[in-house]
Each structure stands twice: as C-alpha cells, then as structure tokens.
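I have placed the structure first, in the form of structure tokens, so that the comments after it can refer back to it.
The values are calculated or read from the model by the stated rules, or taken from the named source; none is laboratory data. Values in this document were obtained by computation on a predicted structure and should not be read as measured data. Cβ sites come from the backbone with ideal geometry, for glycine too, and all protein chains shown count toward neighbours.
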Amino acid sequence: MHCLHHVIRQTLDYGYAHHIQRLMVTGLFALLLGMQPEEVHRWYLAVYVDAVEWVELPNTLGMSQFADGGVMASKPYAATGKYIQRMSNYCAGCRFDPAKAVGDDACPFTTLYWDFLRRHRQKLAVNQRMGLQLRNLERKTTAELAAIEQQVQTVKQQFAASR
C-alpha cells in the first residue's frame, strides 16, 4: 500500500508525519483494522517527536480511533480508499484500486471500511450522521458482503505476515 509505505517510512526516517497523514492514513487503517486504540496511542507517542500525551491521547482515542464514546468526534473518522485518493496523491503510485473492495487489486482501506460498518452496524445505527453510510451498506447483497468478509481475512493475514 503506497500510502502506508510512504507515511510509515517518513515517520521512521524523520519522527514526523502531518496530522492528516496520521489521521487519514495510519489512524484510519488502525481504526478499520480494529487495532486496540491504546496501542495506537502508545505507538504515536513512541514514534513522533512532537507527540505529547495531553494532545496525542484525545486526538488518537477521540478523533482517530473513535474510542472515547463520541466525546471528541460525533462520528467515526472512517472512509474508503476513495477518500485517500481524493485527499492525496498516494493512490497514483499504488497497485490497489480505491474503488474496489474485493479482488487482487482491491484497496484494503475500501475492504476494511465495509467490514467496519458491518461489524459496528448496531452501534452506529443510533448515530444520525451515519445514516447514509449504513444505507449504502444495506444495499450490498449477501454475496457481496460474504466476498468482503473473505477479502478482510486476506488483508488481515497479509498485514500479520508483514509485521
């Protein structure tokens, strides 16, 4: 994934990434993958030279990982690869298609986004700001959701193998 490679490489080389890179790339991936929010917070504190806990904790747990019960943000900062494509130039150098959720060239962000909505459907249903996203999820057929679930397993296996 070109976006993750670039942002993590920059982070490791310089101890810095713009807050949009933290939120839009590494934070989004961690949220969609289902990583433990406290571990994301600890990683940010460890790798970013400008990270101070009183800023990093609410930004990571509240904004990036939506783990504060909705105190800081009124809805999860969840998006597909199309969002990254619109907001950056990372997708231009990537082998994954941000419009696809399944297949060899499916963008892991897009795959994980639909799985995130599926996994948290009941919790998100009470949030009026998530109505459109959940209606789009409801339009997916049983076969499409099954293919996405299968693709999620592939993404998670690939991620685990790369760690």
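Figures for the structure shown
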| read-out | value |
| --- | --- |
| Leading residue by the ranking (farthest from the chain's Cα centre (by Cα)) among those in the stretch 67-91 that are within 22 Å of Asn136 (Cα to Cα) and of a type in the set (Ser, Thr, Tyr) | Ser74 |
| Filtered residue count, the stretch 122-143, keeping only those that are loosely packed, with under 14 Cβ neighbours inside 10 Å and either within 25 Å of Leu4 (Cβ to Cβ) or touching a residue at least 12 places away in the same chain (Cβ under 8 Å) (or both) | 2 |
| First in the stretch 16-36 and aliphatic (A, V, I, L, M), second anywhere and at pLDDT 95 or above and surrounded by fewer than 17 Cβ atoms within 10 Å (Cβ to Cβ), Cβ under 6 Å, 6 or more apart | Ala17/Gln10 |
| Criterion (of a type outside the set (Ser, Thr, Tyr), outside any loop (DSSP other than H, G, I, E, B), in contact with a helix residue (DSSP H, G or I) (Cβ under 7 Å, 6 or more places away or on another chain) and at pLDDT 95 or above) met by exactly one of Leu124, Leu145 | Leu145 |
| Residue in the stretch 105-113 that is surrounded by fewer than 20 Cβ atoms within 10 Å (Cβ to Cβ) and either at pLDDT 95 or above or in a helix (DSSP H, G or I) (or both) present | yes |
| Members of the stretch 22-72 that are part of a loop (DSSP other than H, G, I, E, B) and farther than 18 Å from Tyr113 by Cα | Tyr48, Val49, Asp50, Ala51, Val52, Asp68, Gly69, Gly70, Val71, Met72 |
| Number of positions in the stretch 79-94 that are touching a residue at least 12 places away in the same chain (Cβ under 8 Å) and not in a helix (DSSP H, G or I) | 4 |
| When residues of the stretch 35-58 are limited to those that are farther than 17 Å from Ile8 by Cα and under 15 Å from the mean Cα position of the chain (by Cα), the one surrounded by the most Cβ atoms within 10 Å (Cβ to Cβ) | Pro37 |
